[in-house]
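The values are calculated or read from the model by the stated rules, or taken from the named source; none is laboratory data. Every value quoted in this text rests on a predicted model; they were computed, and no experiment measured them. Neighbour counts are summed over all protein chains in view; Cβ atoms, including those assigned to glycine, are modelled from backbone coordinates with ideal geometry.
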Amino acid sequence: MKFDSPATTNPIDQLNVVGKPLDRIDGPLKVSGRATYAYEWHDPAIKPAYGVIIHATIPKGRIRRMDASAASRAPGVLTVVTPESLPKLIGKLEKGKFNTATLMGGPEIDHYHQAIGLVVATSFEAARAAANLVTIEYEEKPGNFALDKLIDAAGLPKDGEPDSGVGDFEAAFAQAPVTLDQRYKTPDHSHAMMEPHATLAVWDADGLTVWTSNQMVAWGRSDLAKTLNLPEEKVHLMSPFVGGGFGGKLFLRADVVMAALGAKATGQPVKVALARPMLMNNTTHRPATLQRIRIGATREGKITAIGHESWSGDLPGGGPELAVQQTRLLYAGENRMTRTRLAVLDLPEGNAMRAPGEAPGLMALEIAIDEMAEKLGMDPIAFRILNDTQVDPEKPERPFSQRAFAEVFRIGAERFGWDKRQARPGQLRDGRFLIGHGVAAAFRNNMVTKSGARVRLGKDGIVTVETDMTDIGTGSYTILAQTAAEMMGLPIERVAVHLGDSRFPVSAGSGGQWGANNSTAGVYAACVKLREAVAKRLGINAADVSFANGEVRSGGRALSLTEAAKDGELVAEDSIEYGDLDKTHQQSTFGAHFIEVGVDAATAEVRIRRMLAVCAAGRILNPKTARSQVIGAMTMGAGAALMEELAVDTRRGFFVNHDLATYEVPVHADIPHQEVIFLDETDPMSSPMKAKGVGELGLCGVAAAIANAVYNATGVRVRDYPVTLDKLIDRLPDVA
Amino acid sequence: MKPFTYERAKSPAEAASRAAAVNNARFIAGGTNLLDLMKLEIETPAHLIDVNGLGLDTIEPTEAGGLRIGALVRNTDLAADPRVRRDYAVLSRALLAGASGQLRNKATTAGNLLQRTRCPYFYDPAQPCNKRQPGSGCSAIGGFSRQLGVIGVSEACIATHPSDMAVAMRALDAAVETVKPDGQTRTIPIADFHRLPEDRPEIDTTLDHGEFITAVTLPPPVGGQQVYRKVRDRASYAFAIVSVAAIVQPDGTGRVALGGVAHKPWRVEKAEAELPRGAKATTAALLDGAKPTEENAFKLTLVERTLSAVLMDARG
């Protein structure tokens, strides 16, 4: 189905099932331990051996000698895969399209904890013990590990638009009566998802089957085939349940490749999970940024010049963090400039993490806006609304499809009690806490991408959805079931959903908050075809048919839907494909985050007291799962604001705090109160579902709202995340 | 994890003698720290002596009017004991500031005292660490040291002791009762139990080889306002950046011990003479000779400010 003109009224608008806050249909499986996550795939026919990865312990250089003889002789060991054993085993390993560094290194080492081998044994414990018996001599090479030392050496990234501009930014900024010129820092972040990357690999006559934990089944499959030099049809990838990904599982990672190699070498199924202390350096992370923001405005607060520059680093061949991209779209202003620069760093590979670009970009921009409002003597909400735009500021002929930007702030301000905020910092106190309030905009684009599905109407009257879409904890199973139920006029109990299997039609996958809108639209398209097939089978006019309460109605007739399949299952498959509505219109989601913090007047510990998000994101397909997405994202924003930082040892070239004891993420006690309001809106430009994404919107701007609240509480402006007590304590008043 | 042999001890004395007799043996009780370290092969015992069956899990009054806490009393039970809550509130508060409910249910009194450091370089077997591998060097000096020690540090090690409980025990003048492999018993004042790193950071305590902790005793209650204030980046389930255990009497005198600043719970008795003069004077005396790194120098200010707040709380 081609979606190339705005959606009109369609069966989804009935909202009998879609739009309802239904419980997750996969919930019972998850709470009873029956959901088959990758490492828990218990097929009685499969007797797996266990692989443990051997990791490089230098950041850059080469292996001079690797001695696995003791490991090979250790109890229970079946094989040791080493760089030397590769040619005989599989030939040369290629690099996946989506990978920057090879997933198995050696003899060259690209980064700390890069996989360089695998021990396979009859038990996990035996494999782990043997892995520690492998001795390696390295020839270490010097590397670059400090981004701030590479500002001048940073160059143009090879892809994308490193520079953008409209008007004459420099001149307008120089002439503006009120200006801000500040620098901001965001650190490297780890996805720190609950479920580590894990894979069970099995080879048979048909090729390779992997049960893994991956957000993008088709990308994972094609890159696995490429890496192993296999035809794609020889690779079967399954990822039915994913215990969190946040972008860390968008791509093929070492667990899959090493499990496949181990299974090949032993001739038996092999399971590999990445060990928690290896995740931070072995896999990808959100890259640190250094940012400079300049804003010029009239005394009345109209922005006349806005410039945003960002520097980040990555391994050779990698890409930048696109921290400036939202600045191109968020606020009005005739003279605009952005620059993105990329340095070569020898730290582990940087890549997408939840709201890549926006998250660190808005961490800086939305502090800058708060600072600018203060310089102008304006309320930060009023300043934002004054500089609202209904069109792409670089291309005024291109409107936003929907932009309830002012509205989310107005609604939020009223609900939050923003009028009670003290404009002057350091005025409110509650016991030992200095109280502050902060606000920031949330802004994330809606990306449309082809997504396919197959639907079956069985003889039992059950509709089954099959698509390679994944559910990474987001609620995909449930919203896809809601979509099919709505389209076919069934209660949700009569829909079954099967996901995450590369034999199913290729979907949008889970990433970039594009999953919900696109994958449900794909099911919509398939259901339109199934409705036609049903009408045809029942011999009724497809143009004049409605599906409700398990019945198919046309004219005065009402037939049971099950009737249509009584002589055999009906199957329909289709994809949603998009025209140019995303070119003619800027499709985005908007939100406002309101935060109250208490800062301990003595210790400077920052504790969040309440969080409110107001989101405008098109139709909300399931308010319950959507709310879970947003509160989870807000929690992640609290982590980014207050504690999360991969600590770089710039001498030794690695992330030091590589476990969950030292890389702190929020715990329950950090998040006492959260509220989420969704605007009741639909976006007919987005898809027949009229929905957009919320999973990343909920994160965008949160950290800045918290940093702004800390400023409001203390009068101390921290521009270097995370906002930890050591950055505040010297500047607080004496304890009294 | 390397293969190991395992036995259940039948008496404290036997546990001690076996620990001395068997090569590379370690006691195991709650296992909340040891098992993690074994998985990472930071601890590689060849033999484990399980002491969980030894009793030692009661809290009894002493003749002197204090309490004797069995070595295997779980942290949860110790924190909840009505006598501890009433007479040694700083201890109960310190325990509840540590770890999580699940860990406190398993962790024992003696095991808590014997925790290893949480220095991130200690936890990465590929990095030089004098505590983990004597003579290999200290990666933390000049590295990521925000969390690490500021006083009593050495050229060889700047690790801290991670316990909250031990800080309160230090303020309470607790003592550690042990039995040695030859059956002799002794009592080690808590002040002498943990040691500074000096040039032997691999040695955390003054226990002899095989020596087994049977109990921790608390002297008779000293009254006063008892406060434990733990400062951390997140609200729960984090090791202290700094912590302050204080016992403040109505006349302004009292005791202070610090966590998160040194290789042992940090208390300087003569600094306590400054308490009536306030936090600034007390901190100056407490942290005299501090050698922070660039990354953790803020801890000196933090201690002073935290102590100020604690003294204000204590004095109402």
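General remarks:
- Candidates in region A:660-683 are the residues that are outside any loop (DSSP other than H, G, I, E, B) and free of Cβ contacts under 8 Å to residues at least 40 places away in the same chain; of these, the one that is surrounded by the fewest Cβ atoms within 10 Å (Cβ to Cβ) is A:HIS668.
- Screening B:LYS39 with (1) over 30 Å from A:THR57 (Cβ atoms); (2) free of Cβ contacts under 8 Å to residues at least 60 places away in the same chain; (3) within 14 Å of chain A (Cβ to nearest Cβ) gives one miss only, at (1).
- Condition check for B:PRO3: within 14 Å of chain A (Cβ to nearest Cβ), buried (at least 20 other Cβ atoms within 10 Å of the Cβ), closer than 30 Å to A:ALA126 by Cα and of a type outside the set (S, T, N, Q): no
- Filtering region A:684-710 to residues that are more than 20 Å from the chain's Cα centre (by Cα) and either within 14 Å of another protein chain (Cβ to nearest Cβ) or assigned to a loop (DSSP other than H, G, I, E, B) (or both) leaves A:PRO684, A:MET685, A:SER687, A:PRO688, A:MET689, A:LYS690, A:ILE706, A:VAL710.
- Of the residues examined, A:GLY319 is one that is surrounded by fewer than 23 Cβ atoms within 10 Å (Cβ to Cβ) and modelled with pLDDT of 95 or more.
- Among the candidates A:THR603, A:THR589, A:THR625, residue that is at pLDDT 95 or above, within 14 Å of chain B (Cβ to nearest Cβ), farther than 20 Å from A:ASP370 by Cβ and surrounded by 24 or more Cβ atoms within 10 Å (Cβ to Cβ): A:THR603
- Only residues that are within 14 Å of chain A (Cβ to nearest Cβ) and either part of a strand (DSSP E or B) or closer than 22 Å to B:LEU67 by Cβ (or both) were counted in region B:205-258, giving 10.
- Candidates B:THR109, B:THR117, B:THR76, B:THR160 - the one that is at pLDDT 95 or above, outside the structural domain of B:PHE27 (by the TED database) and more than 14 Å from the chain's Cα centre (by Cα): B:THR76
- Under the condition of being in contact with a Ser or Thr (Cβ under 8 Å, 6 or more places away or on another chain), within 7 Å of another protein chain (Cβ to nearest Cβ) and of a type in the set (A, V, I, L, M, F, W, C), the residues counted in region A:648-683 number 3.
- Condition met for A:ILE608 (outside any loop (DSSP other than H, G, I, E, B), in contact with a helix residue (DSSP H, G or I) (Cβ under 9 Å, 6 or more places away or on another chain), within 12 Å of another protein chain (Cβ to nearest Cβ) and in contact (Cβ under 8 Å) with a residue 40 or more places away in the chain): yes
- If you go through region B:104-124 and keep only what is over 28 Å from B:LEU218 (Cα atoms) and within 8 Å of another protein chain (Cβ to nearest Cβ), you end up with B:PRO120, B:TYR121, B:TYR123, B:ASP124.
- Checklist (1) assigned to a helix (DSSP H, G or I); (2) out of contact with any helix residue (DSSP H, G or I) (no Cβ under 7 Å at 6 or more places or on another chain) applied to B:THR282, failing item: (2)
- Within region B:145-157, the residues that satisfy the criterion of being within 14 Å of another protein chain (Cβ to nearest Cβ) and either crowded, with 24+ Cβ neighbours inside 10 Å or free of Cβ contacts under 8 Å to residues at least 60 places away in the same chain (or both) are B:SER145, B:GLN147, B:LEU148, B:VAL150.
- Selection within region A:29-56 - under 29 Å from the mean Cα position of the chain (by Cα) and more than 18 Å from A:PHE241 (Cβ to Cβ): A:GLY51, A:VAL52, A:ILE53, A:ILE54, A:HIS55, A:ALA56
- Only one of the listed residues (B:ILE59, B:ILE69) is at pLDDT 95 or above and either under 25 Å from A:ASN132 (Cα atoms) or buried (at least 22 other Cβ atoms within 10 Å of the Cβ) (or both). That residue is B:ILE69.
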